[in-house]
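The values are calculated or read from the model by the stated rules, or taken from the named source; none is laboratory data. None of these values were measured; they are calculated from a predicted model. With ideal geometry, Cβ positions are generated from the backbone for all residues, glycine too; neighbour counts draw on all protein chains shown.
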């Protein structure tokens, strides 16, 4: 049971689900005795959320895995939620395809957990949100009802788009058990380059100027702090860019970058290590600043995804400092969420900050999807 501890709370029971029927049975049983369930995948993002109000059962979906159906010609795949990201991508690469989502520790991260936790990563610059590549979902609601939404074809135009509602619900509305995903062909050619920046202020200015041109990069990330050294060089401020497409297109994009700064080629595995940074840090605060990045809010150790305006602040901090940075973000119509931090800090400052959805609307949704509040009570506002 210790492996399923959350914020010092250990569940009384562990249920290893191997089928949708197992999930239905576990949630119905929780409704009967008013137990509280936390849904587990690979556990890479299980720490996101306020400490649970109650925690009786760890519902483990890792045994419910495997590809159900793959239609390469239609660029779609249906997969069980407990399938790891690495397993999915390995199966797709044989057909020259991939699901354009990159998550930390893909050998552990599950497809269902990646969608439910709205994971970010390098691919979001070009491919946006995981929900944008999810066209169908089977889910078990908080009362044990098995449901489906969307379908297995790209053109689904009827009904409510529940796939978007479930993404980012962190297991508080339903247990996702199966998803149908849109795929993209693997590009003909890929190139990753690193540019070392003399100062952080210089890096911000250059990247902002570059973003105004809306370059069709495949991924872009600015990394600051000592973690840049194992990523290919000694400088503590480094810009990484992935170029993809035909070889001619990649050459043109590289020439665009070379007009601004010197670059060096690095291996593509750097993106895996960049995606892992927030998951491996003792403290990781995910911030968004739609009005532009306030330089003073970025600490010595950070990961910034330009173009999607997401930054992970990776320094240890205290509640007072966190509230100040959160206030700066929210005053710019942004947000600051604690993704990883000591329990004491999360209890003192709160995971989510000011709710962006009216609380009454959240409560009404919760009462519809989970009427007895058995799914991770207290983890979200």
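Condition check for residue 146 on (1) surrounded by fewer than 17 Cβ atoms within 10 Å (Cβ to Cβ); (2) closer than 30 Å to residue 350 by Cα; (3) in contact with a helix residue (DSSP H, G or I) (Cβ under 7 Å, 6 or more places away or on another chain): one failure, at (2).
I'd like to check something: does segment 40-55 contain any residue that is assigned to a strand (DSSP E or B), over 18 Å from residue 138 (Cα atoms) and in the same structural domain as residue 181 (by TED's automatic domain parsing)? No: segment 40-55 contains no residue that is assigned to a strand (DSSP E or B), over 18 Å from residue 138 (Cα atoms) and in the same structural domain as residue 181 (by TED's automatic domain parsing).
When the residues of segment 214-233 are narrowed to those that are touching a helix residue (DSSP H, G or I) at 6+ places or on another chain (Cβ under 8 Å) and at pLDDT below 85, which ends up nearest to residue 313 (Cα to Cα)? Among residues in segment 214-233 that are touching a helix residue (DSSP H, G or I) at 6+ places or on another chain (Cβ under 8 Å) and at pLDDT below 85, the one nearest to residue 313 (Cα to Cα) is 227.
Within segment 47-66, take every residue that is under 20 Å from the mean Cα position of the chain (by Cα) and surrounded by fewer than 20 Cβ atoms within 10 Å (Cβ to Cβ) and give me the one that is farthest from residue 12 (Cα to Cα). Out of the qualifying residues, it is 65.
Whether a residue is assigned by TED's automatic domain parsing to the domain that holds residue 3, surrounded by fewer than 23 Cβ atoms within 10 Å (Cβ to Cβ) and free of Cβ contacts under 8 Å to residues at least 12 places away in the same chain was assessed, and residue 118 does not pass this test. Touching a helix residue (DSSP H, G or I) at 6+ places or on another chain (Cβ under 8 Å), crowded, with 22+ Cβ neighbours inside 10 Å and touching a residue at least 60 places away in the same chain (Cβ under 8 Å): is that true of residue 106 in this structure? It is true that residue 106 is touching a helix residue (DSSP H, G or I) at 6+ places or on another chain (Cβ under 8 Å), crowded, with 22+ Cβ neighbours inside 10 Å and touching a residue at least 60 places away in the same chain (Cβ under 8 Å). Within segment 236-259, can you find the residues that are surrounded by fewer than 19 Cβ atoms within 10 Å (Cβ to Cβ) and touching a helix residue (DSSP H, G or I) at 6+ places or on another chain (Cβ under 6 Å)? Matches in segment 236-259: 236 only.
With the requirement that a residue be farther than 27 Å from residue 371 by Cβ and either surrounded by 19 or more Cβ atoms within 10 Å (Cβ to Cβ) or over 10 Å from the mean Cα position of the chain (by Cα) (or both), what does segment 121-143 give you? 121, 122, 123, 124, 125, 126, 127, 128, 130, 132, 133, 135 - these are the residues of segment 121-143 that are farther than 27 Å from residue 371 by Cβ and either surrounded by 19 or more Cβ atoms within 10 Å (Cβ to Cβ) or over 10 Å from the mean Cα position of the chain (by Cα) (or both). Scanning segment 77-108 for residues that are over 24 Å from residue 217 (Cα atoms) and part of a strand (DSSP E or B) turns up 77, 78, 79, 80, 84. Evaluate segment 166-184: report whether one residue or more is within 30 Å of residue 232 (Cα to Cα) and either in contact with a strand residue (DSSP E or B) (Cβ under 9 Å, 6 or more places away or on another chain) or at pLDDT 95 or above (or both). Yes, some residue in segment 166-184 is within 30 Å of residue 232 (Cα to Cα) and either in contact with a strand residue (DSSP E or B) (Cβ under 9 Å, 6 or more places away or on another chain) or at pLDDT 95 or above (or both). Taking segment 4-15 as the range and being modelled with pLDDT of 95 or more, loosely packed, with under 15 Cβ neighbours inside 10 Å and either part of a loop (DSSP other than H, G, I, E, B) or under 24 Å from the mean Cα position of the chain (by Cα) (or both) as the test, the residues that pass are 5, 10, 12.
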